[in-house]
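Computed from the coordinates by the stated procedures, all read-outs in this text should not be read as laboratory data. Since the model is a prediction, treat every value here as computed from it, not as a measurement. Reconstructed Cβ throughout: ideal geometry from the backbone, glycine too, with neighbour counts over all protein chains shown.
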Amino acid sequence: MSAAPGYNFAYLDENTKRMIRRALLKAVAIPGHQVPFGSREMPLPYGWGTGGIQVTASVIGPDDTLKVIDQGADDTTNAVSIRRFFARVAGVATTERTAEATIIQTRHRIPETPLREGQILVYQVPMPEPLFRLEPRVAETRRMHALADYGLMQVKLYEDIARHGHIAISYNYPVMVNGRYLMAPSPIPAFDNPKMHRMPALQLFGAGREKRLYAVPPYTEVRSLDFEDHPFRPPRAEAACALCGSRESYLDEVVTDDRGGRMFLCSDTDWCRQRREAAG
Amino acid sequence: MAYVAVKGGERAIAGAHAWLDELRRGDPAVPELSVAQIEQQLSLAVDRVMAEGSCHDRGLAALAVKQARGDLIEAAFLLRAYRTTLPRFGASTPLDTGAMRPIRRISATYKDLPGGQVLGPTFDYTHRLLDFALAAEGAAPPPPAPRAPAEEAPMPRVTAILAQEGLMARETPSEAEPPDLTREPLAFPADRPLRLQALARGDEGFLLALGYSTQRGWGNAHPFVGELRMGEVAVEFAPPELGFPVEIGDIAVTECQMVNQFAGSRTEPPQFTRGYGLVFGHCERKAMAMALVDRALRAAELGEEAAAPAQDQEFVLYHCDNVEATGFVEHLKLPHYVDFQSELEKLRAMRRTAEAAREAAE
Amino acid sequence: MSAAPLLEAEGLSLRFGAIPALDRVSLAVWPGEVVAIVGESGSGKTTLLRVLSGLARPQAGRVLYRDPAGEAREVHGMGEAALRRLHRSDWGFVHQNPRDGLRMGVSAGGNVGERLMAAGARHYGAIRAQAAAWLRRVEIDPARMDDPPAKFSGGMQQRLQIARTLVTHPRLVFMDEPTGGLDVSVQARLLDLIRALVADLGLAVLLVTHDIAAARLLAHRLLVMRHGRVVEEGLTDRVLDDPQHPYTQLLVSSVLAA
C-alpha cells in the first residue's frame, strides 16, 4: 500500500508531528501530567478521536502495523473509519490481531490480550481532566494538580459510598499515576484499569478538542483510587460470552427482543475470535 | 427640520429595501435559485428554519430561507411572523414516535438491539475533506443508495427496554393539554412540557453550547445516547365535532432520548433518568443538545445541586429564543438619542463635581 | 504561654487607592491565645485577617509564622503550594458566611472528612467515625451526617463549618465574624461552643468581630482598629473596662447603650 497523493505521510505535516512528539516526550517524562499541545483541526469531528489520531499520526512509521478498535471491536463504524483514514493517508499495514499490531488506537477499551514491550497503545480521550466534574475551571484544576491537592476527588468517592454504599464510578475511573498525578484513564470500563498498572507497552493519551496529551511509560505504577475498607472492585456482567464462553473478558449486552431477552458477547472481538479458533 | 428628517428616513428605507432586493438576487447572470431547489438541496437549512420557526412547512421555510438571503435566524423570524397569523384549531394527540418509520435509528448504549442499528444518511463517518468534484456542476445525480430492507420488526425504544428492568425512571403521564408558549407567556417555575416546548423552538447554537457545557463539568451530566431516531411520524387530531382522532398527515421529526447516570439515594434505588429532545425535521445536533439541556433543567426536581448555567431554567428559557434574542441585541442599532443625551449630561456633571473636589483638595 | 509568638506581623500597610486599609499594623499571637480585632465595618479588620492569613499581600511589612519545628517562615514569601498546605494542615479559616467555608453539595460527613482525606486518611470507616464524633461535638445529630448543609439552619451550618475546620486540630484558626448573620439566641449558643472548643484544644485564634460582647466572651487580648490603624490594644477586660482611646470609649459606650 502507499499513501494517498497530495498528503504528507500520515496526513500531518512533519513540523506538526515534531511538535506533537516533543509534547509526548514531555508527557512520558512526567507520567500522568497533562501537557498542552497545539491540536490541529482534523478531517474528522471533535469527539471522534482527533486527539488519538494526531498521536498515532505523529508516532507511526511506514513499517508499523496499525490496529484500531472502538468499544473493543475492530468492526465498529468509527474504528473502520479511522483505520481507513490511516490506510489512505499513510498506506500502512493494518491488522485486527492485537499481537500483530505495533500501534493500537483505542476508544473505550484496553485489549484483553496482554500487551508487550514495543507496542504503543493510543487512547482517544474526550475529557483529559479527571477533576472536571468537581471543578469545571481549568485554571483551578491546573493549580490543584500542581499542588497535588486531590482531597476533593477522595471526597467524591466518600460521597458515593455514603449515598450508594459503594463507589459509583463504573468507567473513566480515576487513577494515581506513579504516586503523583491524578489521571483520567479515558472512558474505559473500570474493569480495564488494572491492565494499565505496570503495562509493558507505552500508553499515550490524546485529547484533541481539549488540546492535551499525557502518557504512562512502560512498567509505571497506576493505582485506582479507593479506600482501605472499600477497595477498588470493578464490575463485570455475571455471564459468559455466548460465542466463546469466556467468563474473564468484558462483555457487551445485546438485546434480542423487546420482552427482556438478551445475551452477552465479548467486547474484544479479536480475543473472542482467538478463543474460538483455539477451541477449534 | 424634524419634517425633513422623516422624509429622508422614508427615502432611505425605500432605498435600503431596493438594495436588499438587488443583493438577494445577486449577479443576474447567475440563474435564480428556486424555492424548490432550496427545499431539496439545502434541506437541513430548511429543517432548521422549520424547527426554530416552529412551523412544519418545508415550502414556506424554503421561501423564508430565500427571502432572508440564507440568514437562518431571519428566516425563522419570517416563518414565525407568518405562523402567528394562522388560526389555532387545537392540540394534536401525542405523536407516537415509537411507531415511526425511521430512516436513521442508532443507539450508543447497545451494540445491537431489536430493530437493529440503522445508520441512515449521516455525516458522522465522512472524512471532512472538501469534495472539489461538487464544484463542477451538471454531473449526473448519484445512483440511489442501497437501503436496508424495510424492517417489519418493531423498533422498541431503548428507554422502554431499560424501563422493563426497572432501570429507567418512569415519566408521569399526563392527560392535560400542554401549555402553548405562542399564546401564553413563560411563567416560572416552568414545568417540563413548557420547558420542552421552549427548547424545541430554541436556538440550535445556544442549546449546543449549553449542552456542551454540561459535558465539561458545568452541570452534573453523565449522558449516553440511548437512542436517536429520525423519520416521518403520523399526526392525529381529534376535531371536537368528531370526538375521535383522525390522521391529518405526516411530519418529519428527530427524537433523542439521552440516558443519564444514577439519581437516587440510599432510600431510592439508583435509576437512569431521561433527557428528551424532539425537533421538527432532520436536526439531530439540536435534538441531542435539547436532550442534554432538558436533563440539566431537571436538576432541582431530582434533588441535585443546581449551580451551572444550563441548570438554571430562567437563564436557559429566557435566552434560548433566537428571534427574541436577535431582536433585543439588534435593537441597539435603533436611535437612543434621548437616553444618551441624559447620560451625557449626567457624565458631564459628575466630572465637574470630581474636578471641583480635586481642586479643593489641592 | 510559650516564649515565642506563633504569628507575628510587623508594619503592615496596604492602601486601596487613596484609602489606607492598613496603616503600619503590628501584632503577635502566642500559642493558645485568642486575640480579637474589633472595630466598625470599614476599619480594616477583615483586610488585616486576609493579609495575616496570606490571602492578600501587603504593600509594606511582613508576617512571620512559626512552624511546629520552631522555624519562623514569612507567610508572603513561602509560595502558593506551601501556603495551601498550611491552610489545610496547621491553619483553619472560619468564614462569616458558612457557604464560603462549606461545600454545599457535599454531605455534612463529607465536609468534615475532606480535611482528613486531604491529610491522607484513606479508611472510610475511620473517617466516618471521626466525622460523627465531631458532629456530636458541635451539637449536630450524627444521624444527619449524610444530609447536605443546604438542609441545615444557619446556626447548624456555622457549627458544621467549625467542625470541618477543627477536625485536623489546627494550631491557629482565623475567624471572620463567625456569629455575624445569626439570630441573637443562636449567637450565644455558638459563642459558648467556640469558647469550649478553643479551651479544650488549646487553639490560637485570631477573631475579627464588630461584636464587643463576642470579643469579651472569647478573647484574651483585644486590638481596636480604626481607619486601618490599631488605636488601642491590651488585655480584653482592661480595654473594655478602662478604654483609653476616645474611639474605644465610643465603641464600648455604644454597646452599653444598646
Handout entry: Value at 222 nm in deg cm²/dmol, rounded to 500, when DSSP H runs of n ≥ 4 in chain B each add -39,500 (n - 2.57)
Key = -12500 deg cm²/dmol
Problem - Distance-filtered residues of segment B:86-110 - backbone nitrogen under 12 Å, label point 7 angstrom along B:A238 Cα→Cβ - result: B:91-94
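Can you give the FRET efficiency to the nearest 0.05 for B:T85 and B:R25, using r as the Cβ-Cβ distance and R₀ = 22 Å?
Numbers: r = 27 Å, r/R0 = 1.21.
My answer for the efficiency is 0.25.
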Exercise for the section: Based solely on C-alpha atoms, express the radius of gyration and the Dmax of segment C:48-170 in angstrom. Expected result: 15.8, 50
Handout entry: Amide H contacts of C:G234 (H built 1.01 Å from N, under 5 Å, at least 5 apart or other chain)
Key = C:L222
Problem - Cα pair distances of chain C binned at 5 Å [whole percent] - result: 1, 6, 13, 17, 18, 17, 13, 8, 4, 1, 0, 0
Exercise for the section: Classify chain A as rounded, prolate or oblate from the Cα gyration tensor: take a ≥ b ≥ c as the square roots of its eigenvalues, call it rounded if a/c is under 1.5, otherwise prolate when a/b beats b/c and oblate if not. Expected result: oblate
Practice task
Rounded to whole Hz and in sequence order, give me ³J(HN,Hα) for segment A:101-108 from the Karplus expression 6.51 cos²θ - 1.76 cosθ + 1.60, θ = phi - 60°, writing x for Gly and Pro.
Solution key: 7, 9, 10, 10, 9, 9, 10, 6
Exercise for the section: Using the Cα centre as the reference, give the magnitude of the dipole from point charges on the C-beta atoms of segment B:150-244 (Lys, Arg: +1; Asp, Glu: -1; all else neutral), rounded to the nearest 20 debye. Expected result: 540 debye
Exercise for the section: From zero up to wherever the largest Cα-Cα distance of the protein assembly as shown sits, split into 10 Å bins and tell me the percent of pairs in each. Expected result: 2, 9, 16, 18, 18, 16, 12, 7, 2, 0, 0
Practice task
Just round it to a whole percent: the fraction of Cα-Cα distances in segment C:122-258 exceeding 21 Å.
Solution key: 49 percent
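Please compare each pair in A:K67/A:K195; A:K67/A:K156; A:K156/B:K286; B:K66/B:K286; C:K45/C:K151; A:K67/B:K111 to a cut-off of 25 Å on the Cα-Cα distance and tell me which ones are over it.
Working: A:K67/A:K195 18 Å; A:K67/A:K156 36 Å; A:K156/B:K286 32 Å; B:K66/B:K286 22 Å; C:K45/C:K151 31 Å; A:K67/B:K111 20 Å.
Distance filter (> 25 Å) returns A:K67/A:K156; A:K156/B:K286; C:K45/C:K151.
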Handout entry: chain C: antiparallel DSSP beta bridges as a percent of all, rounded to 5
Key = 55 percent
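For A:T65 and B:L134, what is the calculated FRET efficiency with R₀ set at 30 Å and r taken between the beta-carbons, to the nearest 0.05? It would help to have the intermediate numbers written out before the result.
Numbers: r = 35 Å, r/R0 = 1.17.
Once the sixth-power term is evaluated, E becomes 0.30.
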Practice task
When a/c is below 1.5 the answer is rounded, else prolate if a/b is larger than b/c, else oblate, so apply that to segment C:1-101 with a ≥ b ≥ c taken from the square roots of the Cα gyration tensor eigenvalues.
Solution key: rounded
Practice task
Could you give log10 I(q)/I(0) at q = 0.06, 0.09, 0.15 Å⁻¹ for chain B, computed by the Debye formula over C-alpha point scatterers of equal weight, without solvent?
Solution key: -0.32, -0.66, -1.45
Exercise for the section: Using Cα positions and a limit of under 21 Å, work out the lysines in reach of B:K333, with same-chain residues fewer than 8 apart set aside. Expected result: B:K7
Exercise for the section: Take the Cα atoms of segment B:8-83, find their three principal axes, and give me the spread along each one in whole Å, biggest first. Expected result: 40, 30, 14
Exercise for the section: Could you compute the FRET efficiency for B:S43 and C:E139, with r as their C-beta to C-beta distance and R0 at 60 Å, rounded to 0.05? Expected result: 0.35
Exercise for the section: With a point put 7 Å past each Cα toward its Cβ, work out how far B:A18 is from B:Y125 in nm, to one decimal. Expected result: 5.7 nm
Handout entry: Loop trypsin sites (Lys or Arg not before Pro), segment A:47-120 (other Cβ atoms within 10 Å of the site Cβ: 12 or fewer; DSSP)
Key = A:R116
Exercise for the section: Might you report the magnitude of the Cβ-based charge dipole of segment C:1-79 about its Cα centre, with Lys and Arg at +1 and Asp and Glu at -1, to the nearest 20 debye? Expected result: 240 debye
Exercise for the section: Using only Cα atoms, locate the centre of segment A:52-76 and the centre of segment A:201-280, then give the distance between them in Å, rounded to an integer. Expected result: 18 Å
Exercise for the section: Please list the non-local residues whose amide H lies under 5 Å from the amide H of B:M168, H modeled 1.01 Å from N, same-chain partners needing a gap of 5 or more. Expected result: B:A163, B:F272
Exercise for the section: Note down the nm distance, to one decimal, between modelled labels 7 Å out along Cα→Cβ at C:D67 and at A:A279. Expected result: 6.2 nm
Exercise for the section: Report, in degrees rounded to the nearest 10, the 0 to 90 angle that the Cα long axis of helix C:184-201 makes with the longest principal axis of chain C. Expected result: 80 degrees
Completion exercise
As a percent rounded to 5, the proportion of antiparallel DSSP bridges among beta bridges in chain A is 60 percent
Fill in the blank from the handout: Within the protein assembly as shown, the percent of DSSP beta bridges that are antiparallel, given to the nearest 5, stands at 65 percent
Completion exercise
Taking alpha-carbon centroids only, segment B:21-80 lies from segment C:120-139 a number of Å equal to 65 Å
Exercise for the section: Pop out the ³J(HN,Hα) list for segment B:168-176 in order, Karplus 6.51 cos²θ - 1.76 cosθ + 1.60 with θ = phi - 60°, rounded to Hz; leave Gly and Pro as x. Expected result: 10, 4, 7, 8, 7, x, 9, 8, 5
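Mind pulling up the Rg/Rh value for segment C:169-226? Radius of gyration and Kirkwood radius, both on Cα. Numbers along the way, then the final one.
Working: Rg = 11.2 Å, Rh = 11.9 Å.
That ratio is 0.94, to two decimals.
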Practice task
Sort out for me the Cα centre separation of segment C:1-70 from segment A:155-191, rounded to whole Å.
Solution key: 41 Å
Completion exercise
Per residue of A:160-167, other chain Cβ atoms within 10 Å number on average 5
Exercise for the section: Give, rounded to the nearest 20 debye, the magnitude of the charge dipole that chain C has about its Cα centre when Lys and Arg contribute +1 at Cβ and Asp and Glu contribute -1 at Cβ. Expected result: 720 debye
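Can you give the average number of partner chain beta-carbon atoms within 10 Å of each beta-carbon in peptide A:32-43, as a whole number?
Per-residue shielding by partner chains comes out at 1.
When you look at the Cβ of every residue in C:105-112, what mean number of other chain Cβ atoms sits within 10 Å? Don't skip to the answer; put the middle values down first.
On the way: counts 7, 8, 5, 1, 4, 11, 1, 0.
Counting Cβ atoms of other protein chains within 10 Å of each residue's Cβ and averaging gives 5.
For segment A:236-280, what class follows from the C-alpha gyration tensor (a ≥ b ≥ c being the square roots of its eigenvalues): rounded when a/c is under 1.5, otherwise prolate if a/b is larger than b/c, else oblate? Please list the in-between numbers first.
Numbers: a/c = 2.49, a/b = 1.95, b/c = 1.28.
Note, shape of segment A:236-280 comes out prolate.
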